[in-house]
Amino acid sequence: MELSSSNMQNQLELSRNTNDIQGLDTLRRAAQSGDQGALVEAAKQFEGIFLQMMLKSMRKAQDVLADEESPFNSEQVKFYRDMHDQQLATDLATNGSVGLADIIVKQLGQLADGYTPASIIRNDGNLSVLNQHRIKSIQQAQDAVLGQPNYKASSFETPQQFLETLYPQAKQAAEQLGLDPKALLAQAAVETGWGKYLIHNAQGQNSHNLFGVKADKSWTGNKTLIDSIEFEQGIAKTAKSPFRAYDSFGDALQDYVDFVKQNPRYQDAINNTEQAPRYFAELQQAGYATDPEYANKVVSVLNGDIMQAFKP
């Protein structure tokens with residue numbers, strides 16, 4: 001037999017009593033049935049819990065200064081005092097003293113104008129949606145960048161050929177940093193897609209830029225102006241930037257060594273070259289790349305099957 005609206009409301013109001021277990025069960029069943037009154041009562045109880053936590057914190061601060069010998073500071077007195085505070089918090093919430101319950105009802109009930117529906121209020125915590133949006137933005141940026149004529153297929157047909165060709169020169173460069181040569185090649189692989197996407201100038205000449213080093217004001221050599229992928233607040237976008245151009249891969253490797261060693265902001269990275277993951281983490285932290293996953297990507301390649309199977 002279903003309860004009448006007035007009887008249901010009376011039983012919901014009983015749930016405000018902190019000792020009324022039956023009233024709480026009524027609230028639970030009403031909420032499951034979609035009763036709007038249950039939402040109101042649940043919101044009031046949430047506000048009551050919030051107020052109760054505030055009172056409890058205040059009491060703890062008071063107890064620190066209390067006289068332990070006082071009869072008003074006994075465990076029995078504290079027990080009944082806490083019960084009183086619980087009911088006081090519930091009564092304050094019922095009277096709308098704070099107004100938190102009203103906001104919760106409007107937010108969850110979606111009955112008032114000017115309030116964001118509860119179904120989307122925490123979309124910022126929906127990692128699946130965020131990841132899909134981020135992946136889509138990266139893919140769109142990559143398509144825009146790699147589709148331009150400045151990126152042309154290199155002479156490296158396979159990752160194995162990429163590693164075999166560059167390893168001798170990478171070894172010489174890595175020794176100057178105290179870094180594993182494979183770590184250096186892993187970074188170059190991430191920057192160029194295992195050498196498949198190397199920057200070329202308008203005349204089709206290869207820039208040999210293995211590490212995406214940009215041509216800042218201090219650079220006096222050749223450079224190529226192209227669209228590149230940059231990240232702003234984790235979102236991939238295209239931006240036109242000048243990049244350094246070299247005569248050979250050996251020059252690119254040596255310039256990379258000089259670039260990170262001579263730049264003070266990369267000092268923490270230079271101090272941690274014995275541990276490749278830490279080196280790349282410090283490199284990213286210092287602003288080497290705007291991609292928030294840059295260090296993870298390089299370490300993933302370094303620990304991946306291709307690199308692990310490579311025997312110089």
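The values are calculated or read from the model by the stated rules, or taken from the named source; none is laboratory data. What you see is a predicted model, and the numbers here were worked out from it, not measured in a lab. Here the Cβ is made from the backbone with ideal geometry for all residues, glycine too, and neighbour counts use every protein chain on show.
Name the residues in the stretch 263-312 that are at pLDDT below 90 and among the hydrophobic types (A, V, I, L, M, F, W, C), would you?
Ala289 - this is the single residue of the stretch 263-312 that is at pLDDT below 90 and among the hydrophobic types (A, V, I, L, M, F, W, C).
For the stretch 40-63, how many residues are surrounded by fewer than 17 Cβ atoms within 10 Å (Cβ to Cβ) and without any contact (Cβ under 8 Å) to a residue 40 or more places away in the chain?
Of the residues in the stretch 40-63, 10 are surrounded by fewer than 17 Cβ atoms within 10 Å (Cβ to Cβ) and without any contact (Cβ under 8 Å) to a residue 40 or more places away in the chain.
Scan the stretch 197-222 for residues that are touching a Pro at 6+ places or on another chain (Cβ under 9 Å) and either at pLDDT below 85 or outside any loop (DSSP other than H, G, I, E, B) (or both) and jot them down.
Within the stretch 197-222, His200, Ala202, Gly204, Lys214, Asp216 meet the criteria.
How about the stretch 277-299: which of its residues are in contact (Cβ under 8 Å) with a residue 40 or more places away in the chain and in contact with a helix residue (DSSP H, G or I) (Cβ under 7 Å, 6 or more places away or on another chain)?
Keep residues of the stretch 277-299 that are in contact (Cβ under 8 Å) with a residue 40 or more places away in the chain, which gives 279-280, 289-292, 294, 297-299.
Once the filter is applied, which keeps residues that are in contact (Cβ under 8 Å) with a residue 40 or more places away in the chain and in contact with a helix residue (DSSP H, G or I) (Cβ under 7 Å, 6 or more places away or on another chain), the stretch 277-299 yields Tyr279, Phe280, Tyr294, Lys297, Val298, Val299.
What residue, of Ala186, Ala236, Ala174, is within 22 Å of Val299 (Cβ to Cβ), assigned by TED's automatic domain parsing to the domain that holds Ala281 and modelled with pLDDT under 90?
Values: Ala186 fails: modelled with pLDDT under 90; Ala174 fails: modelled with pLDDT under 90.
Being within 22 Å of Val299 (Cβ to Cβ), assigned by TED's automatic domain parsing to the domain that holds Ala281 and modelled with pLDDT under 90 holds for just one of Ala186, Ala236, Ala174, which is Ala236.
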